[in-house]
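K.L.:
This structure is in structure tokens; I'll ask about it shortly.
Here, each number is a calculation from the coordinates, and none is a lab measurement. Source: prediction; values computed, not measured. Please note: Cβ atoms are built from the backbone with ideal geometry, for glycine as well, and neighbour counts cover all protein chains shown.
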């Protein structure tokens, strides 16, 4: 009888000491940079980029031979600068993004995400004629386009 009592007590202690699993119910995604492409002559009209290739300096191609009016690309959270090459019809445009990465605590179950502060953009403007804005205060979501590129 004593063995059964000890066994039951140990079982109750073990079961009551278990914690519920923590599930990340928020969306702690580190935001990507969203670029939208517009017609340089009619600045309100979206314009597809055809035969489009995108790759980061020293990395593999992210987009290959696509036709699109918008893309989202990741920023390197371990550095203060990411350089992308945007290529269409054998014209390569170098697009540089400079920023200050900051880790933001989301929750115990979700961990951290990175937001990008003091963001600035520059381009060598080969096939890209213009872009706006040249600076952003922060990139902390993926709800809308961050940069308009005119070509």
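K.L.:
Hey, fewest Cβ within 10 Å first, where do 36, 108, 43 land in order? Don't skip to the end; give the middle numbers.
P.N.:
Numbers: 36 17, 108 8, 43 11.
Taking fewest neighbouring Cβ atoms as first place, the list is 108, 43, 36.
K.L.:
Rounded to the nearest 5, what % of the DSSP beta bridges within the stretch 22-150 are antiparallel ones?
P.N.:
Details: 40 of 44 bridges.
About 90 percent, rounded to the nearest 5.
K.L.:
Could you list, bin by bin from short to long, the percent of Cα-Cα pairs of the stretch 95-148 in 10 Å steps?
P.N.:
Going from the shortest bin to the longest, the percentages are 22, 43, 24, 9, 2.
K.L.:
Please report the base-10 log of the normalised intensity I(q)/I(0) for the stretch 22-150, using a Debye sum with one equal scatterer per alpha carbon and no solvent, at each q in 0.11, 0.12, 0.17, 0.22 (1/Å).
P.N.:
So the normalised log intensities are -0.41, -0.48, -0.90, -1.35.
K.L.:
How much length is gained if the chain between residue 90 and residue 125 is pulled fully straight, taking 0.36 nm per residue apart and subtracting their Cα-Cα distance, in nm to one decimal? Don't jump to the answer; show the numbers that get you there.
P.N.:
Working: separation 35, 0.36 × 35 = 12.60 nm, distance 1.40 nm.
The span from residue 90 to residue 125 would gain 11.2 nm if fully extended.
K.L.:
Right, another one. How much length, in nm to one decimal, is gained on full extension between residue 108 and residue 143, taken as 0.36 nm per residue of separation minus their Cα-Cα distance?
P.N.:
Working: separation 35, 0.36 × 35 = 12.60 nm, distance 2.43 nm.
Taking residue 108 through residue 143 to full extension adds about 10.2 nm, to one decimal.
K.L.:
Moving on. Return the distance in nm (one decimal) between the two label points of a simple spin-label model at residue 43 and residue 78, each offset 7 Å from Cα along Cα→Cβ.
P.N.:
A separation of 3.9 nm, rounded to one decimal place.
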